[in-house]
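Below is one structure, written out as structure tokens; the observations come after it.
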Amino acid sequence: MTYDNTNKGALFTNNDRKTEKHPNMTGKININGKDYKLSAWSNTSKKGDKYLSIKVSDLKQKEDNDVPW
């Protein structure tokens with residue numbers, strides 16, 4: 001039996017984080033059969049609530065604040 005990863009993803013702690021611009025967590029997600037890169041930053045709202053800010057981008061796209069795959 002093969003595992004169907006469609007419309008699923010995971011985030012993992014980014015142990016290579018060097019600056020505040022680098023994401024706290026990175027991973028992959030599959031949306032409708034296409035794989036994407038996930039990046040997430042831990043933030044705190046003005047009210048003091050903690051949340052994750054999430055970015056989805058193409059796997060091949062590399063930016064200065066992203067970790068190499």
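The values are calculated or read from the model by the stated rules, or taken from the named source; none is laboratory data. None of the values given here were measured: they were computed from a predicted structure. As a convention, Cβ positions derive from the backbone with ideal geometry for all residues, glycine included, and neighbour counts pool all protein chains shown.
Brief remarks on what is shown
- Any hit, the range 47-66, residues being surrounded by 12 or more Cβ atoms within 10 Å (Cβ to Cβ), among the acidic types (Asp, Glu) and at pLDDT below 95: yes
- Any hit, the range 33-40, residues being at pLDDT 95 or above and hydroxyl-bearing (Ser, Thr, Tyr): yes
- Out of THR44, THR6, THR19, sole residue that is without any contact (Cβ under 8 Å) to a residue 24 or more places away in the chain and among the β-branched types (Val, Ile, Thr): THR44
- Within the range 1-43, the residues that satisfy the criterion of being of a type in the set (A, V, I, L, M, F, W, C) and within 12 Å of the chain's Cα centre (by Cα) are ALA10, LEU11, PHE12, MET25, ILE29, LEU38, ALA40, TRP41.
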